[in-house]
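Report on one structure; see the data block that follows.
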Amino acid sequence: MEPHRVVAIEVSAPGRRNDPHPAALQLGDGRQVSAMRAIMDIRYGVASYVVVDGDRTISVRVVGPCPHCGLEYLRADDDATTSDRLMRLPASPFAGRSLVPPG
Ligand SMILES: [Zn+2]
């Protein structure tokens, strides 16, 4: 299964300004998927997502629940000590539009 490359994200912080999480992922092919959809894809093995950083390919994982908001969220790092590469991607220029419908 070829992983989807994430090139940008839409960030939201429901209820907490200091607790941002990815809300949507923009893919290299121009499509955008909601974080909720991506979490379901990863959990059920339907699709996988990666961040490419130079010569490294980092898998997007489902982690949580977050100690601040209690929700599961997406992040991309090699282990718990490295920074989250997903949140360092540029903000999606298509934020809030053209979400890929389920199915
Ligand atoms: Zn949170």
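Hydrodynamic analysis of segment 12-72 uses the Kirkwood radius over alpha carbon pairs. Inserted into Stokes-Einstein at 4 °C and 1.567 mPa s, it gives a translational diffusion coefficient of 101 µm²/s.
Summing +1 for each Lys or Arg and -1 for each Asp or Glu, what net charge is found among the other residues whose Cβ lies under 11 Å from the Cβ of Arg88? All intermediate terms of the calculation are to be shown ahead of the outcome.
Values: positive: Arg75, Arg85; negative: Asp53, Asp77, Asp84.
My count for the surroundings of Arg88 gives -1.
You can think of it this way: the chain between Asp19 and Arg56 has 10.6 nm of extra reach, that is 0.36 nm per residue less the Cα-Cα gap. Taking label points 7 Å from Cα along the Cα-to-Cβ direction, Thr82 and Cys69 give a separation of 2.4 nm.
Where a number appears in this text, it was derived from the coordinates with a stated rule and is not lab data. Not measured: the values here are computed from a predicted model. Glycine also receives a Cβ, built like all others from the backbone with ideal geometry; neighbour counts cover every protein chain displayed.
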